[in-house]
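Engineer: Sending over a structure as structure tokens; questions will come in a sec.
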Amino acid sequence: MVWYVVRSQPKRERLAAKSLRESLGLEVVCPLVRFQKVTRRGKVWWSEAMFPGYLFVKFDRALHGRAVKYAQGVLSVVHFGEVMPSLSEEFVGQLQDELGEAEEVVITHQVKAGESYELADGPLGGQMGEVIEVLPANERVRLLVNFIGSDREVEVDLLSLLLPGRPDDVS
């Protein structure tokens, strides 16, 4: 039994993982990232694959290869020509230790007073502002923004800031 990378159908990583676990009884690692996102309905917790389109499965190629390839939600086992690379037990073990039982990493935004951020949306979208105060209970921040020729204090939702590494699309 060796760890292999399995390619899933788009947005079907969890379905493939469930299928491989339940129908074939294989050990599967399907890392997820959980984060909060602003939508038209308000703030929503979102969960996506850490490695979109991929999961890690431990199986014997001769015994389970065909069943894995045709499992629900699976496109293929990653291969390069005739070579099917495997993952080290150490790598997968470290990943499992980091993820824990839920196989999920929760990402929270950390903003510090004195740092500058761009507002991502709203009437002040595109403006830069310096954080004066973080209001963690409300998940809001107070910013100093240059607006109509003078500095003004504004209070905005934490998720309306464009944080480093966060995509521009917040809809």
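The values are calculated or read from the model by the stated rules, or taken from the named source; none is laboratory data. The model shown is predicted, which means the values in this text are computed figures rather than measured ones. FYI the Cβ positions are ideal-geometry reconstructions off the backbone, even for glycines, and counts take in every protein chain you see.
Engineer: In the stretch 1-26, what residues are assigned to a strand (DSSP E or B) and aliphatic (A, V, I, L, M)?
Structural biologist: 2, 5, 6
Engineer: Then there's this: I'm told residue 47 meets every condition in (1) hydroxyl-bearing (Ser, Thr, Tyr); (2) touching a strand residue (DSSP E or B) at 6+ places or on another chain (Cβ under 7 Å); (3) at pLDDT 90 or above except one. Can you identify the failing condition by its number?
Structural biologist: Tallying (1) hydroxyl-bearing (Ser, Thr, Tyr); (2) touching a strand residue (DSSP E or B) at 6+ places or on another chain (Cβ under 7 Å); (3) at pLDDT 90 or above, residue 47 fails exactly one: (3).
Engineer: Look at the stretch 62-87 and say how many of its residues are within 23 Å of the chain's Cα centre (by Cα) and either over 15 Å from residue 23 (Cβ atoms) or free of Cβ contacts under 8 Å to residues at least 40 places away in the same chain (or both).
Structural biologist: 5
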